[in-house]
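*Asks:* Before I ask anything, let me first share the structure, which is written out below as structure tokens.
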Amino acid sequence: MNTKLIISKISKIYPGCIANDKVSLEFGSGKIYALLGENGAGKSTLVKILSGVVKPDEGEVFLNNENIKLNSPLDAKKNNIGMVFQHFNLFETLSVFENLSIDSSKKNEELRLLVNDILKKYNFKIDLDIPVLNLSAGQKQKVEIIRCLIRNPKVLIMDEPTSVLTEQETEDLFVSLKKFSKEGILIIYITHKLKEVLSLCDEVAVMRKGKVVSVSNTKEERIESLANKMVGENLSSVKKKINNFKNSEEILKISNLNFTSDDPYETNLINLNFSLKKGECLGIAGISGNGQSELFQILSGEIITENTSIMFRQKEISKLNPRERREYLMAFSPEDRISQAAVPELKIYENVALNNFKSSNFFEKGLVNEKKIKEHSKKILSNFSVNTDNVELKSQFLSGGNLQKLIIGRELITSPELLVCFNPTWGLDVGAINYIHETLININEQGKSSIVISTDNDELLRLSDRICVIYKGKLSKIMDANTVTPEKLGVLMGGGSID
Amino acid sequence: MEALLIKVEKRNDVSPSIYFLTPVLAIFLTLIGGAIIFYVLGFNPIEALKFFFITPISDLYGLSELLVKATPLCLIAIGLSFCFKSNNWNIGAEGQLIFGGIVGGGVALLFYGHEGFYVLPIIILSGAIGGMIFAMIPAILKTYFNTNEILVSLMLVYVAKLLLDYLVVGPWSNPEGFNFPETRQFSESARMPILFDGLRIHAGIFITLATVFLSWLILYKTYLGFQIKVSGLSLKTAKYAGYKGKTMIIIVFVISGACAGLAGVGEITGPIGQLHRNISPDYGFTAIIVAFLGRLNPVGIIFASLVVALTYLGAETAQIFLQVPKYTGQVFQGMILFFLLGSDYLLFFKIKFLGLRKNEL
């Protein structure tokens, strides 16, 4: 069975962001292809186009030289394109077999024979008659794979398949995938884990900001080279001034930070220790999903951990919630600006009131001081050049850049001693990015400190005084930003070590 | 196999006027639905609807009865709006009402034979506290043991009901009552003052109106109200803003329990005047419909409580004149909720038909 899949000049434009920009790729059966890229690089959009979930604005897909139209997931199924998503689509309370039979037109007896054959052939050990909720993550994934195999797929797309698997399950999965590949199934493997690309795949296409930046044989690649392609190595010309913080006092000291989560989609943090001086910017690099979100929430007080010590301006604040931490002049700008940092349904001035502490007087004796909040909001809108002066406007009508300016403005207008931000410019246009970067550099110059957790290395090299990398919940040693090269970051982001 | 592809999309901006008009549409659809049901049952639908919705309030006594029914419904619904606005699903207002009734009734029996202006306020206060305590059970279990408040609050309704049953049959039953399952009639000082001679409308309506005003103040003018609003829209944001989630859960349950307890004590010291098995015709459950029909808005809830109270009265009239069971009232309440949820769905989501397509599996 020879399969050839060609993607030709696929473009998909969302309001404010080009998800796929004339993406062209060629795949042939017998090989495992990696599609590598950061979150937001456009690989998910491409995969959704291939599985018929999203329609491209431009471009064509050819399967064995036939131009196929993928208008719905059914079209993908018809063309024997199978897809295993990162989050499973299974009915937890139904049995394995019931889950498989739901979208199959085969008779039950026939299907059972077929499934048993597949189980035997690939040495899968799954009881077909127990409810799916009793299965491990790895077994659930196998059910999803079987669901694809029933249809004799020509193409099998795996989206971040190892994010919830144990090491052993990952190895098992790789063995199966190699078997499928030998049998002629074309496998497209989406990931941001570099080691997996090298150990499993034959060819690798790297996507960045909606474009394919490189296609190569994995034998020619190393972890560092892939990491650099993924996050971009062109340093921006603007580098921040060297601050005179070296002799200044220590403002934050974190010791013994450990966090174990019950949620398999979260990352555990293991023994993090670091400190920060007045006027300093600490950058934390890393490929997303390595513990950044958990670290942010612990710094902001949304997650309270046992036995961790967080000393901020000589006060132990590890048990305080975010509002209480704000009283000590900390400020936070989370990654998710639409559903966490602000509420789209609320008006601008109501979103401003979210950052409330005693001296703001937004709420006097428990009553809302609307006048005060509105005055304060107007100040933010003008000081941080948000593109409106109407504080009654619902935040959902602000563009991403303006919303982020509002959020950063809300956090900074109180002159905090420390700002913690997570991907502050994610998904913004160049103008807004520059504005936010200038603002962040500015606060360091005023002697205020910042921690920038970001998956954008350009950003970190531009903003940080010192940089470290988070990998699988562990922090690398902290380096002077002047001595850091993109190569070094690449090695650390892939889990390697440097002297 | 052929499949009709349907896609559901969220609408981005819903205008506030339509948002508050859909409940009116739901009521209109309920009337049509009711007319059809009466027609199928063999009645003249216009006549039947007249018996149901016009006759009961065509005289002063009827209007007074409407307010007597709307008083507890409005009060409970106002309390529930605190819970629902902040994503806490208190389904057990009926239990909180009964428990408030039990505590208030117990105090009233304690004061049996006493006369004085202080008696009634003490009873009312103890009723509110009773409701509060009963509502705190699901709240505390939710905050400290992560239980589901829907289940716990609902199940506690039956606990309260059985407790009331036990008390009126056993220890609290009227010694001169020939073993009827009821307590003594409360003394005059323990009764809500009647507003007009010959009508049952009582001073409880002032408690309700005061609560409505107070709730409006809390919800729209205080920090607590702001926190409730934010938590209802996005729990992630509430956490990020550092609102004390656990404390807030307890506060909203306490408020809603107190309201239900007040409603309970208002019933037993008002129209009923004693404790017996059926101190509430499911006001606690029906108030959930009232709360949503009123859009969780204090003013909206006033109107909604009047509409829903009318279904209680209508059911009684219909029972007399049309010989249909009084449960028709519940059918109408159910229809209101059904049509409200239905029109809300269409209000917040667009349905797109993508046409027929052959499905070759």
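The numbers here are math on the coordinates, done by the rules we state, and not lab data. Everything quoted here is computed from the prediction, not taken from an experiment. Using ideal geometry, Cβ is built from the backbone for each residue, glycine included, and neighbour counts are taken over all protein chains shown.
*Asks:* Taking the simple approach of a point 7 Å from Cα along Cα-to-Cβ for both A:K219 and A:Q446, what is their distance in nm?
*Replies:* 5.8
*Asks:* For a footprinting-style exposure proxy, rank A:M493, A:M479 by other Cβ within 10 Å, fewest first. Present the calculation step by step, with values, prior to reporting the outcome.
*Replies:* Values: A:M493 28, A:M479 19.
If I rank by nearby Cβ atoms, fewest first, I get A:M479, A:M493.
*Asks:* Would you calculate, for the protein assembly as shown, the mean residue ellipticity at 222 nm contributed by helices, counting each DSSP H stretch of 4 or more residues as -39,500 (n - 2.57) and dividing by all residues, to the nearest 500? Intermediate values should be presented prior to the final figure.
*Replies:* Values: 29 runs with 401 residues, N = 860.
Mean residue ellipticity, 222 nm, calculated: -15000 deg cm²/dmol.
*Asks:* How many angstrom lie between the Cα centre of the stretch A:1-62 and the Cα centre of the stretch B:330-349?
*Replies:* 43
*Asks:* If you don't mind, there's one more thing I want to ask. Quote to one decimal, in nm, the extra length available between B:N179 and B:N87 on full extension: 0.36 nm per residue of separation minus the C-alpha distance between them.
*Replies:* On the way: separation 92, 0.36 × 92 = 33.12 nm, distance 4.46 nm.
Gain on extension, B:N179 to B:N87, equals 28.7 nm.
*Asks:* Next up: May I ask you to work out the translational diffusion coefficient for the protein assembly as shown at 4 °C, viscosity 1.567 mPa s, via Stokes-Einstein with Rh from the Kirkwood sum over Cα pairs, reported in whole µm²/s?
*Replies:* On the way: Rh = 31.4 Å.
Roughly 41 µm²/s, to the nearest whole number.
*Asks:* Enter the mean number of other protein chain beta carbons within 10 Å of the beta carbon of each residue in B:229-238, as an integer.
*Replies:* Values: counts 4, 6, 0, 2, 6, 9, 2, 7, 10, 3.
Partner Cβ neighbours, averaged per residue: 5.
*Asks:* Which entries in A:K140/B:K244; A:K69/A:K140; A:K278/A:K319; A:K179/A:K474 show an alpha-carbon gap greater than 26 Å? Mind showing how you got there, number by number?
*Replies:* On the way: A:K140/B:K244 37 Å; A:K69/A:K140 30 Å; A:K278/A:K319 22 Å; A:K179/A:K474 34 Å.
The pairs that break the limit, which is 26 Å between Cα atoms, are A:K140/B:K244; A:K69/A:K140; A:K179/A:K474.
*Asks:* Taking every pair of alpha-carbon atoms in the stretch A:148-215, give the share separated by more than 18 Å as a whole percent. Spell out each step's value before the answer.
*Replies:* Values: 901 of 2278 pairs.
Roughly 40 percent, once rounded to a whole number.
*Asks:* Which length gain, in nm to one decimal place, applies between A:K372 and A:K125 when the Cα-Cα distance is subtracted from 0.36 nm times their residue separation?
*Replies:* In short, 82.5 nm is gained.
*Asks:* First measure r as the distance between the Cβ atoms of B:F348 and B:I6, then evaluate 1/(1 + (r/R0)^6) with R0 = 22 Å and state the FRET efficiency to the nearest 0.05.
*Replies:* 0.85
*Asks:* Based on a Kirkwood Rh over C-alpha pairs, give the Stokes-Einstein translational diffusion coefficient of the stretch A:87-233 at 20 °C and viscosity 1.002 mPa s in µm²/s. The partial results should precede the final answer.
*Replies:* On the way: Rh = 16.8 Å.
The calculation lands on 128 µm²/s.
*Asks:* Also, quick follow-up: Restricting everything to alpha-carbon atoms, can you work out Rg to Rh for the stretch B:205-246 with a Kirkwood hydrodynamic radius?
*Replies:* Ratio value, two decimals: 1.14.
*Asks:* First obtain the Kirkwood hydrodynamic radius of the stretch A:341-451 from its Cα pairs, then insert it into the Stokes-Einstein equation at 10 °C and 1.306 mPa s, and state the resulting D in µm² per second as a whole number.
*Replies:* On the way: Rh = 14.4 Å.
Using the Kirkwood radius from Cα pairs, D works out to 111 µm²/s.
*Asks:* Still on this structure, I have one more. Simple spin-label model, 7 Å along Cα-to-Cβ: A:T485 to A:I13 in nm?
*Replies:* Spacing of the two 7 Å Cα→Cβ label points: 4.0 nm.
*Asks:* Can you tell me the order of A:405-414, A:80-89 when each peptide is scored by its average per-residue count of other Cβ atoms within 10 angstrom, highest first?
*Replies:* Per-residue mean Cβ counts within 10 Å order the peptides as A:405-414, A:80-89.
*Asks:* Let me ask another. Need one number: % antiparallel among DSSP beta bridges in the stretch A:4-221, to the nearest 5.
*Replies:* Values: 23 of 42 bridges.
In the stretch A:4-221, DSSP labels about 55 percent of beta bridges as antiparallel.
*Asks:* Rule-of-thumb check for chain B: C-alpha Rg over 2.2 N^0.38 Å?
*Replies:* Working: Rg = 22.3 Å, N = 361, 2.2 N^0.38 = 20.6 Å.
For chain B, the normalised Cα radius of gyration comes out at 1.08.
*Asks:* Using the basic label-point model (7 angstrom from Cα toward the beta carbon), what is the A:S136 to A:D263 distance in nanometres?
*Replies:* 2.3
*Asks:* Sketch the reach of a paramagnetic label on B:T247 as a point 7 Å from Cα along Cα-to-Cβ, and name the residues of the stretch A:377-412 whose backbone nitrogen lies under 15 Å away.
*Replies:* Hits in the stretch A:377-412 for B:T247 at 15 Å: none.
*Asks:* Report, to the nearest 10°, how far helix A:108-122 tilts away from the longest principal axis of the Cα atoms in chain A, using its own Cα long axis and a range of 0 to 90°.
*Replies:* Its long axis makes an angle of about 80 degrees.
*Asks:* Out of all DSSP beta bridges in chain A, what portion is antiparallel? Express it as a percent rounded to 5. Write down the numbers at each step before the final one.
*Replies:* Details: 42 of 78 bridges.
Close to 55 percent.
*Asks:* Still on this structure, please answer the following. With Kirkwood's inverse mean 1/r over C-alpha pairs for Rh, give me the Rg to Rh ratio of chain A, two decimals please.
*Replies:* Numbers: Rg = 24.9 Å, Rh = 24.7 Å.
Rg/Rh for chain A comes to 1.01.
*Asks:* Further question: Sequence-distant or interchain residues sharing an amide H contact under 5 Å with A:S288, placed H: which?
*Replies:* Those qualifying (amide H under 5 Å, at least 5 residues apart or on another chain) are A:N39.
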